[in-house]
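Asks: Have a look at this one before I ask anything.
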């Protein structure tokens, strides 16, 4: 059986089991709510469960940071260093929490 035949057989099996995943284009989906075909759904799969991605102060701060530091990390902080903004935030968080140091992770998964 060729590679393409194996792929087709696997896809056919998924279709038959109603297990073929599809991607759905969403009009809005970064936050707490998804909008698909003009219908709104509560998004239980989002990392943005607080809906902060659409908060006006967060958006302003993001724009300011993008203008000052650019977009993207440029590489691993362990290889090419991390931004002074991250350093300042770690220091402010440590002080606020009453600890000598704090460490930010790049994602919840990494933590």
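Asks: Testing residue 38 on (1) touching a residue at least 24 places away in the same chain (Cβ under 8 Å); (2) more than 21 Å from residue 105 (Cα to Cα); (3) exposed (fewer than 13 other Cβ atoms within 10 Å of the Cβ), one condition comes back false. Which one is that?
Replies: (1)
Asks: Please tell me if residue 31 is on the phi > 0 side of the Ramachandran plot, part of a loop (DSSP other than H, G, I, E, B) and surrounded by 11 or more Cβ atoms within 10 Å (Cβ to Cβ).
Replies: Against the criterion (on the phi > 0 side of the Ramachandran plot, part of a loop (DSSP other than H, G, I, E, B) and surrounded by 11 or more Cβ atoms within 10 Å (Cβ to Cβ)), residue 31 does not qualify.
Asks: May I pose another question? It is to be established whether one or more residues within the stretch 12-22 are at pLDDT 95 or above, under 26 Å from residue 102 (Cα atoms) and part of a helix (DSSP H, G or I).
Replies: no
Asks: Only one of (1) in a loop (DSSP other than H, G, I, E, B); (2) surrounded by 10 or more Cβ atoms within 10 Å (Cβ to Cβ) fails for residue 58. Which number is that?
Replies: (1)
Asks: Taking the stated definitions as given, is residue 53 surrounded by 12 or more Cβ atoms within 10 Å (Cβ to Cβ) and either in a loop (DSSP other than H, G, I, E, B) or without any contact (Cβ under 8 Å) to a residue 60 or more places away in the chain (or both)?
Replies: Judged against the criteria, residue 53 is a match.
Asks: Within the stretch 93-103, can you find the residues that are at pLDDT 95 or above and either in contact with a helix residue (DSSP H, G or I) (Cβ under 9 Å, 6 or more places away or on another chain) or within 22 Å of residue 67 (Cα to Cα) (or both)?
Replies: Passing the criteria: 99, 100, 101, 102.
Asks: Of these, 69, 44, which one is loosely packed, with under 11 Cβ neighbours inside 10 Å and either at pLDDT below 90 or touching a strand residue (DSSP E or B) at 6+ places or on another chain (Cβ under 8 Å) (or both)?
Replies: The unique qualifying residue is 44.
Asks: Also, quick follow-up: Is it fair to say residue 95 is touching a residue at least 12 places away in the same chain (Cβ under 8 Å), over 30 Å from residue 28 (Cα atoms) and part of a helix (DSSP H, G or I)?
Replies: Judged against the criteria, residue 95 is not a match.
The values are calculated or read from the model by the stated rules, or taken from the named source; none is laboratory data. Quick caveat: nothing in here was measured; it's all calculated off a predicted structure. Backbone-built Cβ (ideal geometry, glycine too); neighbour counts: all protein chains shown.
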